[in-house]
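Here is the structure we will look at, set down as structure tokens.
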Amino acid sequence: MTTTTQKTWLVTGAARGLGAGIARAALDAGDRVVVAGRNRDALVMAFGADSDTVLSLALDVTDAAAIAAGVEAAVARFGRIDVLVNNAGYGHLGIFEEIAAQDARTQFDTNVFGLFDMTRAVLPVMRAQRAGRVFNISSIGGLMGGESGSIYCASKFAVEGFTESVAAEVRPFGIHMTIVEPGFFRTDFLDASSIRYGDNPIADYAEASAAIRAFYDARSHNQAGDPIKLGQALVTLANADNPPVRWSAGTDAVGVVEMKATGLKAELDAWRDLSISTDGDFTFREEPKAGGAWG
């Protein structure tokens, strides 16, 4: 079942890529959109001057003061925030040993702590409304790690664990949170203007590093996913009465989810006896509570 009333969206990282596609789809659906990004001029170029349906905000998700001011401005302009899309982020790929420790922290500052801070700022608005939707843009790399994805995938795994946990906390207030796991979409994500690689080369990894870059370079701007179609799908989910906690986008993403599920089951079965052998002979054992919370 779906409910289709006009909504106010706040989309971070909205100047291009998935963020722009999501914002455009929401506007096409008749909703109002607060588009946020580090460069307000780029937002105005993409969406036009501020109007009854669009508000452009300069907002860096690593700046707590800018987040607070942005949320305040959005509520002052449109009275509420119905949908938060935590999209701002980037990918830092490459061999783990070739990535500096500070680069890993910077990846988490944007992809994880920036998302935390945006969510923390918007949830009080949604709780007061007793309604809201939060879409946290993860990646299929948030479900399955792989060579070259150690730092980026770690950041997205964090987003997924965070979302699953907070979703249970805010559901009583009419707020739904959804992890969005895109596969490869045709954006600037793999473009030199966005993607980053480790810059501490190690001879032992030279061949592997070169192959990784060649792999991603060949796919840049050739990805199968359409950002506008993803945006249209999020509009559908934003109007669904009971949206999923986890949703995958693209045939490649669906394939990875199926592969992960099959692999988990096979590995669990292969080692089941050893797993259950660790139980003690106690008279009381704490069990997981409903909703996934642990005592």
*Filter the stretch 107-135 for residues that are under 20 Å from A76 (Cβ atoms) and not in a helix (DSSP H, G or I) and give the result.*
A131, G132
*Which numbered condition trips up E98, out of (1) under 28 Å from L264 (Cα atoms); (2) touching a strand residue (DSSP E or B) at 6+ places or on another chain (Cβ under 9 Å); (3) acidic (D, E)?*
(1)
*Would you tally the residues in the stretch 215-230 being modelled with pLDDT of 90 or more and out of contact with any strand residue (DSSP E or B) (no Cβ under 9 Å at 6 or more places or on another chain)?*
1
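Looking at V180, V166 in this structure, which one is in a strand (DSSP E or B) and either of a type in the set (G, A, S) or at pLDDT 95 or above (or both)?
On the way: V166 fails: in a strand (DSSP E or B).
None of the other options fit; the residue is V180.
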_Out of the residues in the stretch 74-129 meeting the condition of being β-branched (V, I, T) and under 17 Å from the mean Cα position of the chain (by Cα), tell me which one is nearest to D31 (Cα to Cα)._
V83
*asked:* Name the residue that is nearest to G174 (Cα to Cα), counting only residues in the stretch 235-249 that are outside any loop (DSSP other than H, G, I, E, B) and among the polar types (S, T, N, Q).
replied: T236
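The values are calculated or read from the model by the stated rules, or taken from the named source; none is laboratory data. Since we're looking at a predicted model, the values are computed, not measured. Virtual Cβ from ideal backbone geometry, glycine too; neighbours counted across all protein chains shown.
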